[in-house]
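Heads up: the structure comes next, in structure tokens.
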Amino acid sequence: IKLIDTVVFLMDRIELGTQSLLEYRSFADDADDVQGTENTDVLKAKLASIDPKDTLIVTSIQKMSNIKAGEGHITEEEVKKLAGKRIVFIIDECHRSTFGEMLQDIRHSFPNALYFGFTGTPIHEENRKKGSTTSMVFGDCLHRYSIADGIRDGNVLGFDPSKGISLTIDPKVLDDTR
């Protein structure tokens with residue numbers, strides 16, 4: 001039994017979407033296809049498709065937020081049909097544009113979808129954005145992977161801030177500012 005019809009990797013920038021599409025494709029094997037979307041019409045067609053090749057889609061939040069009744073040539077009936085599919089949204093950099101109207105539009109069009117947000121800089125209580133935090137929008141954190149974990153795993157280069165920086169301060173300059 002197929003539990004999910006479509007997985008949509010949602011990016012907030014075209015450059016990030018292009019880079020991610022190439023990366024996902026480099027990991028895909030012969031059985032997997034990762035689809036990009038040139039425009040909203042192509043995205044709508046891929047979402048409506050029953051072709052197994054259209055199961056993994058990489059697109060932008062801007063294109064996805066245009067999948068709503070009255071936008072372009074999209075009807076209420078088309079949106080309802082798409083919303084009836086089992087869709088999972090994986091949202092990269094979820095701390096940025098996902099706090100605006102675009103994510104609200106997507107959630108309105110796809111109320112039964114699952115939403116997973118990834119961020120290296122979550123929005124917390126002390127830096128709320130539009131009255132919300134990352135956990136308010138996406139739920140509790142499922143996993144944390146810190147920069148220390150990345151350095152320990154060899155996925156991030158270690159760094160020493162004291163190396164490569166040398167400062168020479170002229171004592172006269174300090175005396176002049178007092």
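We did not get these values from a lab; they are worked out from the coordinates using the rules stated. Bear in mind that the values here come from a model prediction, so they are computed numbers and not experimental data. Glycine also receives a Cβ, built like all others from the backbone with ideal geometry; neighbour counts cover every protein chain displayed.
Pop a pseudo-label 7 angstrom from the Cα along the beta-carbon direction at both Arg128 and Asp41 and give the gap in nm to one decimal.
A separation of 4.4 nm, rounded to one decimal place.
Sorted by packing (mean other beta-carbon atoms within 10 Å per residue), highest first, where do 63-69, 85-91, 45-51 land? The partial results should precede the final answer.
On the way: 63-69: 20.0, 85-91: 18.4, 45-51: 14.6.
Highest mean packing first, the order is 63-69, 85-91, 45-51.
Loop-only trypsin sites (Lys or Arg not before Pro) in segment 103-164, please: DSSP not H, G, I, E or B, and at most 15 other Cβ atoms within 10 Å.
Answer in residue order: Arg128, Lys130, Arg144, Lys163.
Give me a comma-separated list of calculated 3J(HN,Hα) values for segment 78-85, in order, Karplus coefficients 6.51, -1.76, 1.60 applied at θ = phi - 60°, integers in Hz, x for any Gly or Pro.
Karplus values, whole Hz, x for Gly and Pro: 5, 5, 4, 5, 5, 5, x, 7.
Among the listed pairs Lys2/Lys85; Lys53/Lys85; Lys63/Lys130; Lys44/Lys68; Lys44/Lys80, which are separated by more than 19 Å between their Cα atoms?
Check vs 19 Å cut-off fails for Lys63/Lys130.
Under a Cβ-Cβ cut-off of 15 Å, what is the net charge of the residues other than His108 that fall near it, where Lys and Arg count +1 and Asp and Glu count -1? Numbers along the way, then the final one.
Details: positive: Lys68, Lys80, Arg107; negative: Glu71, Glu76, Glu78, Glu101, Asp105.
Residues close to His108 contribute a combined charge of -2.
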